[in-house]
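Notes follow the structure.
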Ligand SMILES: Cc1cc2nc3c(=O)[nH]c(=O)nc-3n(C[C@H](O)[C@H](O)[C@H](O)COP(=O)(O)OP(=O)(O)OC[C@H]3O[C@@H](n4cnc5c(N)ncnc54)[C@H](O)[C@@H]3O)c2cc1C
C-alpha cells in the first residue's frame, strides 16, 4: 500500500518503514549461519545490548559470535526514537537508594548517570556515522508539583557530580517551543542519535575486532550439552561455552526461565518531513531531546535533516493507518501550537518490552548463561552501558564489573492478564489526555 503524504529527500518509504531505514548508512553484509561454528561466547540478538556486548568482548580478544533473527537493529533498537537519556524512568538517585539499598542504588546511579557519555564516547571512538547530537536530554514537568520534585532531583544528581540542572518554565517554553511545561530536568550529557546507524556501526566495529555475526538466522533451540551450549538455526549450529541472551522480548522463547518475565508495550513512532526554517524555530530551536512524564507521554527530537521525531503509545482507540497518522498530527498540534502544518513523512510501529521494576535487569540463568532484560522503552543508553559491563565481567570473571547484580528471573504473576496492562493503562491515559 503506498504511503500518503509528501515524501522527502531521503527516499519513499513503505508503510511502517522507519525513518532510520531511509537515513542510516548501509550496514555490513552479513551471512546467515550455515554449517557448524565453535565459539567461546554466543550472543543472541543484535540490538544495542547484543552489539555492545559482542564488540567489547571481541576488543578484549574473546572469541564471540552473534546470531540475529533479522538484520542488526531490526528490533526495538531500530524502531526507537534514538533519544539518549541518562535518567531513571521512575526513580531519582535518592529514591533508588531507598528501593535497592544505598550501595546498589549508588552503583546503579553511577551507571545510569554516565550512560549517555558512554554512548557518545563509543560513537566517537569508533567513528560511527549516526548523527550523534549531545545537545541535552530533558524531562519536562507537566505539573508544578513534579517541577518541585525535579528541582530536588537536579540537586541529587549534581551533588553526585553529574551535569544536571532544572530549567524553569520560561526557559523551557523557549527551549521546547511549547508553553505546556512548568520547567524541565536537564541532562547535559544526553541527546539523540540515529539508533539504526548506531547499532550498524557497533556491529561493523565488532566485525573489525574479530566477532562473527550472522543475520537472518533465528535461533530455534538452545540445548545444554557436555558443558556447553548448542544453538540451532534453520541452516546451522553453534557450539559455545558461554551464552548471552540479548533478544529482548525474544529471550522468553529461548530459555524456560525467561518465560513471562516482561510485558509488551506497543508504540507508534513518527517523523515529519524535514521542517522549514520557520517550523524549526517553533520546535526545539536550540536542539535537545525530551520525553515528558505525562501518563500518555510526549517525546520530541530533531535530526540533522530537520525531521522532527516523536511517538505515542498504542491504545485501543487509535487503530488503522489513517487514525495513527491523525493522532500523530494531533499530538504535534497539541504540543507545538506554533508549528505550521507539519507533514508526517514516516510513521512506524515498534515493540518495547517492559519489566515490572522499570530498571535494567541482568539474569543469571546458571550453566554459564546470562540474560539482559533492560528494554523498558528507554534502553539505548542503559543497554550500551550494560553491554560494556557485561563484556568486562565475562572477560575478567569479575562480577563487581556489573552495576546491576545478576539475579534469578521471576515470572510476572498472572502474566496473560498483565500483558494487557500496558495497552490498557495507555488507553486510559489517552482518554484523560
Ligand atoms: C518505538 C520505540 C521507541 C523507543 N524509543 C527509545 C528512545 O528514544 N530512547 C531509548 O533509550 N530507548 C527507546 N526505546 C527502547 C529501546 O529501543 C530499547 O530499550 C533497546 O533498543 C533494547 O535493545 P536490545 O538490544 O535489548 O533489544 P532489541 O533492539 O529489541 O534487540 C533484540 C534483538 O534480538 C533479536 N532476536 C529476537 N529473538 C531472536 C531469536 N530467537 N534468534 C535470534 N535473534 C533474535 C531481534 O531480532 C532483535 O534484533 C524505544 C523502543 C521502541 C519500541
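The values are calculated or read from the model by the stated rules, or taken from the named source; none is laboratory data. Predicted model, so just to flag it, every value in this text is computed and none were measured. All Cβ positions, glycine included, derive from the backbone under ideal geometry; neighbour counts span all protein chains shown.
Residue by residue through the stretch 216-262, note down the ones that are in a strand (DSSP E or B) and modelled with pLDDT under 95.
225, the sole residue that qualifies.
Restricting to the stretch 424-433, name every residue that is surrounded by 15 or more Cβ atoms within 10 Å (Cβ to Cβ) and either over 24 Å from the mean Cα position of the chain (by Cα) or under 12 Å from residue 353 (Cα atoms) (or both).
433, the sole residue that qualifies.
How about the stretch 297-321: which of its residues are over 23 Å from the mean Cα position of the chain (by Cα) and either within 14 Å of the ligand (Cβ to nearest atom) or touching a residue at least 24 places away in the same chain (Cβ under 8 Å) (or both)?
316, 317, 318, 321
Restricting to the stretch 364-380, what's the tally of residues that are touching a helix residue (DSSP H, G or I) at 6+ places or on another chain (Cβ under 6 Å) and within 13 Å of the ligand (Cβ to nearest atom)?
The qualifying residues number 5.
Conditions (1) surrounded by 21 or more Cβ atoms within 10 Å (Cβ to Cβ); (2) within 13 Å of the ligand (Cβ to nearest atom), marked per residue:
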site: 259; (1), (2): no, no
site: 264; (1), (2): no, yes
site: 272; (1), (2): yes, no
site: 275; (1), (2): yes, no
site: 278; (1), (2): no, no
site: 284; (1), (2): yes, no
site: 287; (1), (2): no, no
site: 295; (1), (2): no, no
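Quick check, is residue 361 within 16 Å of the ligand (Cβ to nearest atom), surrounded by 14 or more Cβ atoms within 10 Å (Cβ to Cβ) and modelled with pLDDT of 90 or more?
So residue 361 fits the description; yes.
Taking the criterion of being touching a strand residue (DSSP E or B) at 6+ places or on another chain (Cβ under 9 Å), free of Cβ contacts under 8 Å to residues at least 60 places away in the same chain and over 13 Å from residue 85 (Cβ atoms), would at least one residue in the stretch 118-137 satisfy it?
no
Please indicate, with yes or no, whether at least one residue in the stretch 270-288 is within 21 Å of residue 376 (Cα to Cα) and modelled with pLDDT of 95 or more.
Yes; the residues of the stretch 270-288 include at least one that is within 21 Å of residue 376 (Cα to Cα) and modelled with pLDDT of 95 or more.
Quick test of your reading of the structure: residue 16 fulfils all but one of (1) over 30 Å from residue 163 (Cα atoms); (2) within 11 Å of the ligand (Cβ to nearest atom); (3) at pLDDT below 95. Name the failing condition by number.
Against the list (1) over 30 Å from residue 163 (Cα atoms); (2) within 11 Å of the ligand (Cβ to nearest atom); (3) at pLDDT below 95, residue 16 comes up short only on (2).
With the stretch 34-146 as the region, which strands (runs of 3 or more DSSP E) entirely inside it contain at least 3 residues that are within 16 Å of the ligand (Cβ to nearest atom) and more than 21 Å from residue 186 (Cβ to Cβ)?
35-44, 64-67
Which of (1) crowded, with 18+ Cβ neighbours inside 10 Å; (2) within 21 Å of residue 56 (Cβ to Cβ) is the odd one out, the single condition residue 100 does not satisfy?
For residue 100, the exception is condition (2).
Residues 154, 184: which one is under 24 Å from the mean Cα position of the chain (by Cα) and in a strand (DSSP E or B)?
Answer to the check: 184.
Could you say which residue among 337, 401, 395 is more than 13 Å from the ligand (Cβ to nearest atom), surrounded by fewer than 22 Cβ atoms within 10 Å (Cβ to Cβ) and closer than 30 Å to residue 173 by Cα?
Only one candidate qualifies: 337.
Might you let me know whether the stretch 344-352 holds any residue that is closer than 30 Å to residue 97 by Cβ, surrounded by fewer than 22 Cβ atoms within 10 Å (Cβ to Cβ), in contact (Cβ under 8 Å) with a residue 60 or more places away in the chain and in contact with a helix residue (DSSP H, G or I) (Cβ under 9 Å, 6 or more places away or on another chain)?
So far as the stretch 344-352 goes, no, none of its residues is closer than 30 Å to residue 97 by Cβ, surrounded by fewer than 22 Cβ atoms within 10 Å (Cβ to Cβ), in contact (Cβ under 8 Å) with a residue 60 or more places away in the chain and in contact with a helix residue (DSSP H, G or I) (Cβ under 9 Å, 6 or more places away or on another chain).
State all residues of the stretch 219-231 that are buried (at least 17 other Cβ atoms within 10 Å of the Cβ) and within 13 Å of the ligand (Cβ to nearest atom); if no residue qualifies, say none.
219, 222, 231
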